[in-house]
2 protein chains.
Amino acid sequence: MAPSLESICRDLFERHKAAITIKKERVAVKNMMRILEAVFELSRQKGFQTMTLRDLSRESGLSMGALYSYFSGKDELRSMILRQGVAYTRKVLLEQARVHANPSEKLEAAIEAHLYLSEVLRPWFYFAYMEASSLSRQDKRKATEDELATERIFLDILQEGVEDGDFRCPDAALVAALIKAVLQDWYLKRWKYKRRGITVEQYARFVVEFVLIGLTQRTAGRPLQKR
Amino acid sequence: MAPSLESICRDLFERHKAAITIKKERVAVKNMMRILEAVFELSRQKGFQTMTLRDLSRESGLSMGALYSYFSGKDELRSMILRQGVAYTRKVLLEQARVHANPSEKLEAAIEAHLYLSEVLRPWFYFAYMEASSLSRQDKRKATEDELATERIFLDILQEGVEDGDFRCPDAALVAALIKAVLQDWYLKRWKYKRRGITVEQYARFVVEFVLIGLTQRTAGRPLQKR
DNA sequence: GTCTATATACCGATAGAC
DNA sequence: GTCTATCGGTATATAGAC
């Protein structure tokens, strides 16, 4: 199924059926989407913590009481959203790495998949990044593991390329971190690229090209100048 | 003067003398440091919005009333910190670009300077990044301008290198953005690099090398694969 | 299922003693 | 300069009508 807010909200409903008091899927998914769109908009404007449930009630069109039929409290609302996004991203990236044969193509496919996914679910990605820091100790630990898991996908592709002799890369972990940082910049600083008229296709091409050059042209390196 | 929390707090006091009711510099700077360290710690733990002034009072050791002698309200506290950090960073980077002759050295010096600065003032940089999104409309506009101004410093160096024939770079703006994204990752995801035992020197060397290879080995590029 | 009305608690900010 | 005590406002969460 193509990634979209609706498909991921339906998934969300399935996973939280037990806790949600509304039983009709059509009603529940529709309202869940209204709630999430409102959360993303309000969080973008002023942050999740600053957003009050009264704000959310106004923006989503549901009453305070109705909101509490969909989640048990403000904190649970946040962690529910975060958990759902992570699993989805991982699934898509692994799929892309699997269907291609050689490391260069895998890398290109994974980079493009991440960019296009963050394009469709940009509010979700933005929210996840910004709110990950204000989690409970336990949830925060899980969030760092998720970050590393995504990076691991890129790292595995890089290491496979090194073994095959396609890539020269003495510090694959750093390259994987660089890729992740650059992919994050696309959805975190979207205004910057939009202002310059850069499309996701152009950005994807730039990232793939720049990284592949670094992976194929690497020399042994030179000592860092002391000062 | 070498960058440090104390020197930048002294600067802060000088610039806000009019609004601060405490007149003895020694007392004011000492307490200002305690306040800022507490703000950074609490913001890191749970975000600036979630941090209450009661939290800040407890963590800093000053009473609620005393806090209000150092800033006129919670919002002013935040924007005071943000404004102070930006001017400082810009000054240091420009200084580094100025004292070197050729573009490669300028680029290397600016990258290293940014990394070392974010090392010394890491809590400050982290705070600035995380809180920039929840600003007033006017302050937010200023924050985006500041972001572009920092990027502009790198862009100017790149363009100078292209003119001199040292760099091949059809999309300097994207490379500048990439550099900035990677520098930000160092202070935003510090735990990741710390866990892997990567020092700031190693990271600086990696970034400089990877970017310079991209700038000297670039081909005309190839079409993005359709799918 | 969704609403309004309200209980309870905590926040930012200030006044005034020391 | 720093403190304690307190005001007014607003937040989360719930109870009960429809």
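The values are calculated or read from the model by the stated rules, or taken from the named source; none is laboratory data. Owing to the predicted nature of the structure, the values given are computational and were not obtained by experimental measurement. Here Cβ is always computed from backbone atoms with ideal geometry, including for glycine, and neighbour counts include all displayed protein chains.
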Can you tell me which residue among A:Lys106, A:Lys140 is part of a helix (DSSP H, G or I), within 14 Å of chain B (Cβ to nearest Cβ) and either within 16 Å of DNA strand C (Cβ to nearest atom) or in contact (Cβ under 8 Å) with a residue 24 or more places away in the chain (or both)? A:Lys106
In the list B:Val39, B:Val86, which residue meets the criterion of being more than 14 Å from chain A (Cβ to nearest Cβ), more than 15 Å from DNA strand D (Cβ to nearest atom) and at pLDDT 95 or above? B:Val39
Here's a check for you: in the range B:181-227, which residue that is touching a Cys at 6+ places or on another chain (Cβ under 9 Å) and within 8 Å of chain A (Cβ to nearest Cβ) is modelled with the highest pLDDT? B:Gly214
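Name the one entry in A:Glu59, A:Glu105 that is of a type in the set (Asp, Glu), over 29 Å from B:Gln45 (Cβ atoms) and either more than 16 Å from DNA strand D (Cβ to nearest atom) or crowded, with 17+ Cβ neighbours inside 10 Å (or both).
Working: A:Glu59 fails: over 29 Å from B:Gln45 (Cβ atoms).
Going through A:Glu59, A:Glu105 in turn, just one is of a type in the set (Asp, Glu), over 29 Å from B:Gln45 (Cβ atoms) and either more than 16 Å from DNA strand D (Cβ to nearest atom) or crowded, with 17+ Cβ neighbours inside 10 Å (or both): A:Glu105.
Do we find that B:Glu145 is surrounded by 19 or more Cβ atoms within 10 Å (Cβ to Cβ) and either within 14 Å of B:Ile8 (Cβ to Cβ) or not assigned by TED's automatic domain parsing to the domain that holds B:His16 (or both) in this structure? Break it down into steps so the answer makes sense when it comes.
On the way: surrounded by 19 or more Cβ atoms within 10 Å (Cβ to Cβ): no; either within 14 Å of B:Ile8 (Cβ to Cβ) or not assigned by TED's automatic domain parsing to the domain that holds B:His16 (or both): yes.
So B:Glu145 fails the test.
If we scan the range A:48-60, do we find a residue that is more than 13 Å from DNA strand C (Cβ to nearest atom), within 30 Å of A:Ile179 (Cα to Cα) and in contact (Cβ under 8 Å) with a residue 40 or more places away in the chain? Can you show your working first?
Keep residues of the range A:48-60 that are more than 13 Å from DNA strand C (Cβ to nearest atom), which gives A:48, A:51, A:55.
Add one more test, that the residue is within 30 Å of A:Ile179 (Cα to Cα), and what stays is A:48.
With in contact (Cβ under 8 Å) with a residue 40 or more places away in the chain added as a condition, the list becomes A:48.
Within the range A:48-60 (the criterion being more than 13 Å from DNA strand C (Cβ to nearest atom), within 30 Å of A:Ile179 (Cα to Cα) and in contact (Cβ under 8 Å) with a residue 40 or more places away in the chain), the answer is yes, since at least one residue qualifies.
Yes/no matrix, rows are residues, columns are (1) away from DNA strand D (no atom under 14 Å from the Cβ); (2) within 14 Å of chain A (Cβ to nearest Cβ); (3) closer than 23 Å to A:Ser133 by Cβ; (4) not hydroxyl-bearing (Ser, Thr, Tyr):
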position	(1), (2), (3), (4)
B:Gln45	yes, yes, yes, yes
B:Gln49	no, yes, yes, yes
B:Gly65	no, no, no, yes
B:Lys74	no, yes, yes, yes
B:Met80	yes, no, yes, yes
Boolean, B:Arg78 is on the phi < 0 side of the Ramachandran plot, part of a helix (DSSP H, G or I) and surrounded by 15 or more Cβ atoms within 10 Å (Cβ to Cβ): yes
Only one of (1) crowded, with 21+ Cβ neighbours inside 10 Å; (2) at pLDDT 90 or above fails for B:Ser134. Which number is that? (2)
Taking only the range A:21-36 into account, find how many residues are surrounded by 18 or more Cβ atoms within 10 Å (Cβ to Cβ) and within 16 Å of DNA strand D (Cβ to nearest atom). 2
State which residue pairs qualify: first residue among the acidic types (Asp, Glu) and inside the range B:23-43, second residue away from DNA strand C (no atom under 15 Å from the Cβ) and not in a loop (DSSP other than H, G, I, E, B) in any location, beta carbons under 8 Å apart, and separation of 6 or more residues or different chains. B:Glu25/B:Arg10; B:Glu25/B:Phe13; B:Glu37/B:Leu5; B:Glu37/B:Pro123; B:Glu41/B:Pro123
Answer yes or no as to whether B:Phe210 is touching a Leu at 6+ places or on another chain (Cβ under 8 Å) and closer than 16 Å to A:Pro170 by Cα. yes
What is the one condition in (1) surrounded by 14 or more Cβ atoms within 10 Å (Cβ to Cβ); (2) among the hydroxyl-bearing types (Ser, Thr, Tyr); (3) within 11 Å of DNA strand C (Cβ to nearest atom) that A:Ser43 does not satisfy? (3)
Scan B:Ala87, B:Ala18, B:Ala128 and give me the residue that is within 24 Å of B:Thr199 (Cβ to Cβ) and either loosely packed, with under 14 Cβ neighbours inside 10 Å or assigned by TED's automatic domain parsing to the domain that holds B:Arg205 (or both). B:Ala128
